[in-house]
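To start, the structure itself, in structure tokens.
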Amino acid sequence: MRPVDLYWATDSQNVVAFFRQGSTNWRITEEVIRILDKLDKEHISLHVLHLPRETDLVREADEASRTERDEWAIDHKSRETILKRFGQVDVDAFASSKNAVCARFFAREYDPQAEAVDAFSQDWSQGTFWVCPPVALITQAIKKAAFDQARIILICPDWKSKPYWPEIFTVEGRWQRYGIRWYKFTPSFPAGKRREGVLPPCTSFWAVLMDFKK
């Protein structure tokens, strides 16, 4: 097995100190030794690096971790602007009765008004879908749309470091061939409401019309 270098970037100076010089707390030291022993058996060299919390990479990861599994929706004004630019949709793939953008929607769990539960087990091949999934599911949603040869309006944060970004842009920075139209926007929301779960904490978002039938 070839040796591997593993880099662990953290904003915790304590964690860096634990791995470099140990701790006066024997439980922490014992856990550090256990981790290093296991990595050594796999021929993995661990390098623990400190990154200040103000670093863009740390800030983005911290913000994303708070919202990746949460249901969220953009504000009404931004939504209406997008629909005027791209046209109306037939189904909201990731919604609830509280935030669906149209009458037909798929819910994450049972909702008496939902047409179905679990968007990934439904057929997306007919009509245009509004796709505003949890951040952690964006890549999976794009792949689902491609598999079903769907037409979708994807809503996603402008996070270039996220795994879904190459599904939208090529390595040259061009739009993928199935991207027809796009619109970058900054959602509007009442002061003080930003971090109440309505929006991921991100300044800019993209709305992308994708047609996998072409």
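The values are calculated or read from the model by the stated rules, or taken from the named source; none is laboratory data. Quick caveat, the model's predicted, so the values are computed rather than measured. Because the Cβ atoms are built from the backbone with ideal geometry, glycine has one as well, and the counts that use them run over all protein chains shown.
Does ALA107 meet the test of being modelled with pLDDT of 90 or more, in contact with a helix residue (DSSP H, G or I) (Cβ under 9 Å, 6 or more places away or on another chain) and within 26 Å of GLY179 (Cβ to Cβ)?
Criteria not met by ALA107.
Name the residue, out of ALA100, ALA93, ALA136, that is free of Cβ contacts under 8 Å to residues at least 24 places away in the same chain and in the same structural domain as ALA207 (by TED's automatic domain parsing).
ALA100 is the lone residue from the list that is free of Cβ contacts under 8 Å to residues at least 24 places away in the same chain and in the same structural domain as ALA207 (by TED's automatic domain parsing).
Would you confirm, using the coordinates I've provided, whether LEU57 is in a helix (DSSP H, G or I), loosely packed, with under 15 Cβ neighbours inside 10 Å and at pLDDT below 80?
Judged against the criteria, LEU57 is a match.
Restricting the first residue to the range 149-171 and requiring it to be in the same structural domain as PHE129 (by TED's automatic domain parsing) and over 13 Å from CYS132 (Cβ atoms), which pairs with a second residue that is modelled with pLDDT of 85 or more and among the acidic types (Asp, Glu) meet a Cβ separation below 6 Å and a spacing of at least six or different chains?
That search, which allows pairs on different chains as well, returns ARG151/ASP211.
Would you say VAL15 is modelled with pLDDT under 85, surrounded by 12 or more Cβ atoms within 10 Å (Cβ to Cβ) and outside any strand (DSSP E or B)? Can you show your working first?
Values: modelled with pLDDT under 85: no; surrounded by 12 or more Cβ atoms within 10 Å (Cβ to Cβ): yes; outside any strand (DSSP E or B): yes.
No, not satisfied.
Out of ARG79, ARG69, report the one residue that is modelled with pLDDT under 95, in contact with a helix residue (DSSP H, G or I) (Cβ under 7 Å, 6 or more places away or on another chain) and either closer than 22 Å to ASP211 by Cβ or not in a strand (DSSP E or B) (or both).
Details: ARG79 fails: in contact with a helix residue (DSSP H, G or I) (Cβ under 7 Å, 6 or more places away or on another chain).
The match here is ARG69.
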